[in-house]
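Only one structure is covered here, and it is reproduced in the block below.
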Amino acid sequence: MNVFFISSEASPLAKTGGLADVIGALPQALHTCKHTLTVVMPYYRQVVDATNINITPIKKNISIWADGTNRNCPVHQLYLAGVTFLLVEQDDLYNRKGLYGTTDGEYEDNFLRFVLFNRVALELAAQSSENVDILHCHDWQTGFIPLLLRSQYGHFPKLAQTKTVFTIHNLAYQGIFPAEWMRRMGIPTHHFHHDGFEFYGQINCMKAGIMMADAITTVSETYAKEILTPEYGCHLDGFLIRHQSKLSGIVNGIDINVWNPANDPLIPHTFSTKKIAGKKKCKLALQAFCGLPLSESTPLLTLISRLAEQKGTSLLLPNIEAWMNQGMQLVILGSGDLEIEKSLKKLATKYPSNLFFMSGFNEPLAHKIYAGGDIFLMPSLFEPCGLGQLIAMRYGNIPVVRSTGGLCDTVIDYNVSNKQATGVQFLDATAKALNNAVNETIALFQKPVVWSRLRNNALRRDSSWDRSALLYAQLYTDLIKK
Ligand code: ADP
């Protein structure tokens with residue numbers, strides 16, 4: 001099959017979260033199954049160039065009329081592990097510090113930025129040398145592709161039989177914009193109503209994708225059910241129920257070559273179930289880096305996350321002082337909400353021998369924290385899939401997670417099966433429930449035989465893309481046959 005992935009980010013070129021990890025790994029896994037894969041994304045020049053990955057301009061210049069001007073969009077290309085990446089250049093729109101905005105908020109012209117990108121992606125697909133079987137779109141930034149394909153690009157021979165898949169990586173971000181953008185970007189208005197992409201008088205890009213895609217997927221089976229409820233549906237549960245017949249959940253994997261404790265160049269000592277000494281050395285190295293007392297027997301808790309309400313910071317913060325007074329160590333890497341960052345900085349100053357907080361996005365440090373930690377906290381209020389817990393397990397860092405979404409589907413709870421467990425789950429979205437789960441996990445940490453089994457189970461868990469890539473390929477095949 002000839003498959004185009006259209007995404008606003010992709011590892012290792014530009015990443016703000018799990019979406020980039022998925023786009024960096026799933027196309028490769030599909031390519032291994034003998035499909036032809038192209039990823040189209042914006043060229044965020046300063047972000048991409050900082051990776052030192054060599055990309056080359058190609059002789060394609062796509063012209064698009066947008067918001068009153070004709071824009072020439074040069075295209076750049078690179079090949080990574082059998083996958084073609086096409087990057088759309090438009091420096092005034094994409095060559096900015098952030099992908100979607102700054103700490104002051106989202107960029108006001110995001111509708112222009114991403115719909116323009118959608119149109120260029122469709123033009124590139126229309127110029128493909130083979131018929132395009134599938135356009136696989138990801139999150140609100142690509143929500144208008146299925147609609148534009150049907151309304152404006154259906155007459156291109158290469159796109160005549162194309163089917164669309166729209167994957168929801170996080171329903172909480174829907175891309176909502178003033179209605180005037182329809183006129184400015186030439187979006188057909190006849191679907192601008194309650195059963196279409198209208199949302200309280202505004203444009204909702206997520207609704208556009210849900211409405212027009214041939215199939216909708218989300219990134220875990222549990223989240224696919226949760227989003228049909230008012231609690232998790234982000235005001236679209238009713239709308240999703242109407243489109244439920246085309247909705248399914250396929251759990252994410254991780255790139256097990258990038259995340260591999262047995263040969264990760266970014267960690268100070270490599271390790272595996274058979275060579276676990278390296279894990280202990282990684283812990284000591286992390287303690288040294290963070291200025292914490294070196295101690296094998298002190299439980300080292302870790303957290304790597306966007307600092308946002310979704311990630312359960314309201315459950316975490318009230319516990320920190322008590323944990324510090326109990327003598328635990330906690331290493332946090334994250335960025336986001338400035339108030340949360342301020343609270344963490346204050347606590348880190350108060351408890352320098354127990355708490356280390358690094359603000360910012362730092363991939364090399366993330367590897368060291370996954371490798372050095374004993375316990376990985378993910379108390380999310382909701383979690384479509386979550387990759388942090390998958391990476392943590394891969395590094396024998398035992399996840400303590402709330403029972404929600406993909407966390408439910410990927411972590412085997414010690415209280416359900418102590419022989420097969422890979423972590424600990426808790427249900428209530430309260431600080432007390434998190435505290436109980438952490439203390440329960442520390443009690444396990446203090447029993448070497450139990451802990452070693454738990455850690456080995458986690459280290460051995462298959463979090464590769466193999467199984468899920470086959471499920472996507474099957475979904476594509478079913479759509480093409482329809
Ligand atoms: P989300 O996509 O909701 O942010 P996921 O758990 O699905 O959460 O994916 C988060 C990804 O981003 C993981 O690969 C995680 O390691 C990485 N990550 C999150 N915060 C940081 C950070 N501050 N520095 C480095 N990597 C981070």
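The values are calculated or read from the model by the stated rules, or taken from the named source; none is laboratory data. All values reported here derive from a predicted model rather than from experimental measurement. In this analysis, Cβ positions are derived from the backbone assuming ideal geometry, glycine residues included, and neighbour counts consider all displayed protein chains. Surface areas here come from the heavy atoms of the whole protein model, side chains and all, with no ligands, DNA or RNA. Shrake-Rupley method; radii C 1.70, N 1.55, O 1.52, S 1.80 Å.
Just to be sure, is Thr162 within 16 Å of the ligand (Cβ to nearest atom), hydroxyl-bearing (Ser, Thr, Tyr) and in contact (Cβ under 8 Å) with a residue 24 or more places away in the chain?
The answer is no for Thr162.
Every residue in the range 25-42 that is touching a Pro at 6+ places or on another chain (Cβ under 9 Å) and open to solvent by less than 10 Å² (accessible area, probe 1.4 Å), please.
Residues satisfying the conditions are Leu37, Val39.
Has the range 45-56 got at least one residue that is loosely packed, with under 13 Cβ neighbours inside 10 Å and more than 25 Å from the chain's Cα centre (by Cα)?
Within the range 45-56, one or more residues are loosely packed, with under 13 Cβ neighbours inside 10 Å and more than 25 Å from the chain's Cα centre (by Cα).
Restricting to the range 370-380, give me the number of residues that are within 9 Å of the ligand (Cβ to nearest atom) and closer than 21 Å to Leu317 by Cβ.
Number of matching residues: 2.
Under the condition of being open to solvent by 10 Å² or more (accessible area, probe 1.4 Å) and within 21 Å of Ala429 (Cβ to Cβ), which residue from the range 314-327 is farthest from the ligand (Cβ to nearest atom)?
Here the residue is Ala322.
Just the residues that are in a loop (DSSP other than H, G, I, E, B) and in contact with a strand residue (DSSP E or B) (Cβ under 7 Å, 6 or more places away or on another chain), please, taken from the range 352-377.
Asn354, Gly360, Phe361, Asn362, Gly373, Asp374
Do we have Leu78 as in contact with a helix residue (DSSP H, G or I) (Cβ under 8 Å, 6 or more places away or on another chain) and without any contact (Cβ under 8 Å) to a residue 60 or more places away in the chain here?
Criteria not met by Leu78.
Within the range 328-336, is there a residue that is open to solvent by 10 Å² or more (accessible area, probe 1.4 Å) and more than 15 Å from the ligand (Cβ to nearest atom)?
No: zero hits.
Restricting to the range 337-354, name every residue that is touching a residue at least 24 places away in the same chain (Cβ under 8 Å) and either within 16 Å of the ligand (Cβ to nearest atom) or polar (S, T, N, Q) (or both).
Residues satisfying the conditions are Asp337, Leu338, Ile340, Glu341, Ser343, Leu344, Ser353, Asn354.
Give the range 414-443 a look and list any residue that's surrounded by fewer than 20 Cβ atoms within 10 Å (Cβ to Cβ) and not in a loop (DSSP other than H, G, I, E, B), or say none.
Result: Ala431, Lys432, Ala433, Asn435, Asn436, Asn439, Glu440, Ile442, Ala443.
Restricting the search to the range 387-411, which residues are open to solvent by less than 10 Å² (accessible area, probe 1.4 Å) and assigned to a loop (DSSP other than H, G, I, E, B)?
Matches in the range 387-411: Tyr395, Gly396, Asn397, Thr404, Val411.
From Phe117, Phe111, which residue is farther than 27 Å from Tyr472 by Cβ and either of a type in the set (Phe, Trp, Tyr) or surrounded by 24 or more Cβ atoms within 10 Å (Cβ to Cβ) (or both)?
That would be Phe111, the only listed residue that is farther than 27 Å from Tyr472 by Cβ and either of a type in the set (Phe, Trp, Tyr) or surrounded by 24 or more Cβ atoms within 10 Å (Cβ to Cβ) (or both).
Identify all residues within the range 262-298 that are open to solvent by less than 20 Å² (accessible area, probe 1.4 Å), part of a loop (DSSP other than H, G, I, E, B) and more than 14 Å from the ligand (Cβ to nearest atom); write none if there are none.
If the condition is that a residue be open to solvent by less than 20 Å² (accessible area, probe 1.4 Å), part of a loop (DSSP other than H, G, I, E, B) and more than 14 Å from the ligand (Cβ to nearest atom), then Phe271, Leu292 are the ones that fit.
Check Leu390 against each of (1) farther than 30 Å from Ile134 by Cα; (2) in contact (Cβ under 8 Å) with a residue 12 or more places away in the chain and name the one condition it does not meet.
The one condition Leu390 does not meet is (1).
Go through (1) open to solvent by less than 10 Å² (accessible area, probe 1.4 Å); (2) touching a strand residue (DSSP E or B) at 6+ places or on another chain (Cβ under 8 Å); (3) in contact (Cβ under 8 Å) with a residue 60 or more places away in the chain; (4) within 16 Å of Met393 (Cβ to Cβ) one by one and return the number of the condition Ser463 breaks.
(2)
Here's the yes/no breakdown for (1) over 30 Å from Leu333 (Cβ atoms); (2) within 13 Å of the ligand (Cβ to nearest atom); (3) without any contact (Cβ under 8 Å) to a residue 24 or more places away in the chain:
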| site | (1), (2), (3) |
| --- | --- |
| Ala25 | no, yes, no |
| Gln28 | no, no, no |
| Cys33 | yes, no, no |
| Tyr43 | no, no, no |
| Thr51 | no, no, no |
| Thr56 | yes, no, yes |
| Ile64 | yes, no, no |
